[in-house]
Each structure stands twice: as C-alpha cells, then as structure tokens.
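Undergrad: Take this structure first; my questions come after.
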Amino acid sequence: MRSKNTLSAIGRYAIAIPAMGAILLGGTHSAIAEAEPQFSIDALSAGVYSTYPSARSASFRSDGLQLMQLGEGTVALVDTSLATLGIATAIKADGVEISWTPRSNARGYTVVRDNVKVADLGPGIGYYKDPTAVPGGTYQYIITPTSLSTGAHPVWGMKVTVPQAQAGESDADALSRLAETQAAAAAAASQTTVTWDTFIPQAKIDAPPAGCTYSGSGYQYGGDNRSYDWTSSRYRTALNAVITWSTKQVDGYKAVGSTSVYNKSTGALVATKTASTSNMEARKLGSGSNYVDIRLVNHASNPFCSVGAIDGAISMKVTQGGNWSIISGNHRQMPNHHIYIYNGGTVTDVYRRNYANALCLIGSATCPLADLTGYYGSYS
C-alpha cells in the first residue's frame, strides 16, 4: 500500500506543521516541514511575496526567474515559467520546494525525481520539499495524480538547478548568479524551433485493400526508409514553428512529401502525386514575458485515396527558460510521429510514437487516437 502524506494545509496558503511532511518511499529520507511558511503558488499568485531588493535581479526576471523574499530572512529563486499551468518552484540554499494547484478529482499525487518515485502525497496536497537536492545539481521533477475520480488532470514537469555558493558568497548572491547564468544561456539561443515530422519507416508498404485509386495486393506505396533521425529530409509531413524570443513572433513552415505508387511484382513506378498543405498550420496562440503558446495542426491526405489522412493537432506552451508542456492534443496512429525541439544546436525529443496499423491511413474507424495531453519536459 502506498504511504500517505499527513501534512496539513490551513487557510488560504499552505502552512507547514512541524515534525510532519512527505513520507518518501524506500525509507531513504524524509522531507520534514520547517517552522517557516512553506512556498505556495497561491501566495505567489496573490502577490504575497516581494521581489528581493537586488539590482541584479532585473536582468533575468523576464526569463521567468525571480529572486523573491518569501518571509523574513528567506530568499528564494522562484521559477514562474509554468505558473499559469498551476505549478511553480522555489530554489533555496537548503533545498527545492515545489507548489502546485491541487484539483478535487485527484485522489493524491506522486512525485518523481529523475525517473525515480520519491513520494506519494494525499488528496488536496499541493506541496513538496526535497531537502536532498545538493548544491550544483540539476533535477527533473514530475508531479502526476495517482488516480482520478473523474475527468482529466494535467501532469507537471519542472527542471530545477540548485546553486553552489562560492567562497565568501551569500545565499542570495549565489541564487542571483545562477539566475543570470541560466538567463544568459536562454538568451544565447535567439530562436527555438518546435518540429513535428511524420514518416513511414519502411521503403515501401502494401497498398490499402480499398478506398484508393491504386488498392489491393498488386500495388505498394513508397515510404521514407528512415528512423527517428531529425536530420533526415525524407518525410510524409513536416511542420515547424520557429519562435523568435526577442519579439515572441512565431513563423510557421509546412511541407508534404510526394506519394509514389509502385507495381508490387515488378517494382516499377506507377504514379506520383503530392498532397496539399492547406490543412496544416503552425501558429502562435499567445505569449507572455517568458513563454509562447503555439498551435500545430498536422493534416494531409493520401492524394490517391478518397478516405483517411495523417491527422493530429496539439496546443503547446514553450518557455524561454527551457520547459515545455503539451496543453492538449492527439493524433491518428499512422504513420510514425516525431516531435522535437531544436535550440541553439541542441535537439531534445518531445514525443515519439510508432504507427499502430497501416489501415489508419484509410479511415478513423480502424485507428485509435493517441492522446498527447499532459506531456511535459525540459529542453537545453
């Protein structure tokens, strides 16, 4: 049986009860609440916390990182980049605090750090402190509902780096220096590109049994003969959203690969056509000081077929500081789908899915939807 957290939340803002806290699995360590008030996203949203009086802080505030005074003598580097989605982190000299907005349909929450489960929390709890996060370490935290009574629920992911103070440096200066370093790294990449490719991994696949000009056992359709290789120029569809951070502008680019039909017995080319890109789009939905929301619609039919299509759409939040979250979306499970982020020469996978059934291309009844809602992560 999973252990339950007995931390109490009193009033509008969560207040720690001494000698209680998150019970961590495996018996390795426990997060003990301190006498000082714990970090709260509700308090953050209500403006309870003040900006720490540091002339250096203005240079990185637009990146979603703010040096804030949470209480008397308590300074933290607060990451607000995903606060609108219901989660924020506070980095202190003695560890990492995470606060999120719990929902009534969640029967509890699971906390995962670097792919290892570290805590099970009870219903209504929206706080976790990790005192074992060491200075100089970088961690990926995942907060997910353990089960739902009804409806949907987001999954949150946050990347956190803990500063390591230099000789003679105060905690506040160490936090400020960390924020400036991260902001400079984010600013160095003036553009970030989100790409959604679809491809058929085989060189050729058998034609559908019906629904196309060239159907049946006598024909094959050309594939892309490739794997999940972002450098490949072979694809069924290619969709790109290029984010320019200085202006928050999003430029969309779309393309469709040509479709070729072959005689199965002889291998001879029978016909070639290219589908329209008119139903594909990559555009901006909105933006803030440190993030951009984008919409990607990946839809193209087989030009030789009267039914079925490559079909998918997502809405996605990308922060300049290196976090991303798919707010909603799905796709038909044919062909292979690959979503990734290119940032300053570094490529980070967002999503990979092998196709379920070739019949997906000729009708939705034979092809289940793959749900992308709640996917999250970070990029470099």
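Undergrad: Specify the residue that is nearest to T373 (Cα to Cα); the eligible residues are those in the stretch 120-145 that are in a strand (DSSP E or B) and among the polar types (S, T, N, Q).
TA: As a first pass, look at the stretch 120-145 and keep what is in a strand (DSSP E or B): 120-121, 127-130, 138-145.
The next check asks that each one be among the polar types (S, T, N, Q); those that pass are 138, 140, 144.
Details: T138: 26, Q140: 19, T144: 13 Å.
Looking at the filtered set, the residue picked out is T144.
Undergrad: Of all residues in the stretch 99-119, which are open to solvent by 70 Å² or more (accessible area, probe 1.4 Å) and assigned to a strand (DSSP E or B)?
TA: Residues satisfying the conditions are V116, K117.
Undergrad: Separate question: So L359 fits all but one of (1) in a strand (DSSP E or B); (2) in contact (Cβ under 8 Å) with a residue 24 or more places away in the chain; what number is the exception?
TA: (1)
Undergrad: OK, next. Working only within the stretch 320-348, note down all residues that are part of a strand (DSSP E or B), within 10 Å of the chain's Cα centre (by Cα) and of a type outside the set (A, V, I, L, M, F, W, C).
TA: Within the stretch 320-348, N323, S325 meet the criteria.
Undergrad: Here is a further query. So which of V134, V194, V162 ends up being open to solvent by less than 20 Å² (accessible area, probe 1.4 Å), among the β-branched types (V, I, T) and more than 30 Å from R295 (Cβ to Cβ)?
TA: Criteria check complete, one pass: V162.
Undergrad: Here is a check on your reading of the model: is A174 modelled with pLDDT of 90 or more and small (G, A, S)?
TA: no
Undergrad: Can you list the strands (runs of 3 or more DSSP E) found entirely within the stretch 224-273 that contain at least 2 residues being open to solvent by 70 Å² or more (accessible area, probe 1.4 Å) and either under 19 Å from P335 (Cβ atoms) or modelled with pLDDT under 90 (or both)?
TA: By residue number, 269-273.
Undergrad: Tell me which of these M158 doesn't satisfy, since it passes every other one: (1) of a type outside the set (S, T, N, Q); (2) assigned to a helix (DSSP H, G or I); (3) within 13 Å of V96 (Cβ to Cβ).
TA: The single condition M158 does not satisfy is (2).
Undergrad: If you don't mind, there's one more thing I want to ask. From the set of residues in the stretch 362-379 that are outside any strand (DSSP E or B), open to solvent by less than 70 Å² (accessible area, probe 1.4 Å) and under 23 Å from V242 (Cβ atoms), which is modelled with the highest pLDDT?
TA: L372
Undergrad: Failed condition for E180, given (1) open to solvent by 20 Å² or more (accessible area, probe 1.4 Å); (2) among the acidic types (D, E); (3) under 30 Å from A238 (Cα atoms), with all others met?
TA: Unmet for E180, out of (1) open to solvent by 20 Å² or more (accessible area, probe 1.4 Å); (2) among the acidic types (D, E); (3) under 30 Å from A238 (Cα atoms): (3).
Undergrad: Hey, among the residues in the stretch 274-287 that are in contact (Cβ under 8 Å) with a residue 24 or more places away in the chain and either open to solvent by less than 20 Å² (accessible area, probe 1.4 Å) or not in a loop (DSSP other than H, G, I, E, B) (or both), which one's farthest from A356 (Cα to Cα)?
TA: Within the stretch 274-287, the match that is farthest from A356 (Cα to Cα) is S287.
Undergrad: Out of all the residues in the stretch 241-269, which are over 28 Å from the mean Cα position of the chain (by Cα) and in contact (Cβ under 8 Å) with a residue 12 or more places away in the chain?
TA: Those that are over 28 Å from the mean Cα position of the chain (by Cα) and in contact (Cβ under 8 Å) with a residue 12 or more places away in the chain: S258, T259, S260, V261, Y262, N263, K264, S265.
Undergrad: Within the stretch 288-326, take every residue that is among the polar types (S, T, N, Q) and under 21 Å from Q191 (Cα atoms) and give me the one that is most open to solvent (accessible area, probe 1.4 Å).
TA: Checking each candidate, the answer is S289.
The values are calculated or read from the model by the stated rules, or taken from the named source; none is laboratory data. Keep in mind it's a predicted model, so treat the numbers as computed, not measured. Here the Cβ is made from the backbone with ideal geometry for all residues, glycine too, and neighbour counts use every protein chain on show. To get the accessible areas, we keep the full protein, side chains included, count just its heavy atoms, and leave off ligands, DNA and RNA. Shrake-Rupley method; radii C 1.70, N 1.55, O 1.52, S 1.80 Å.
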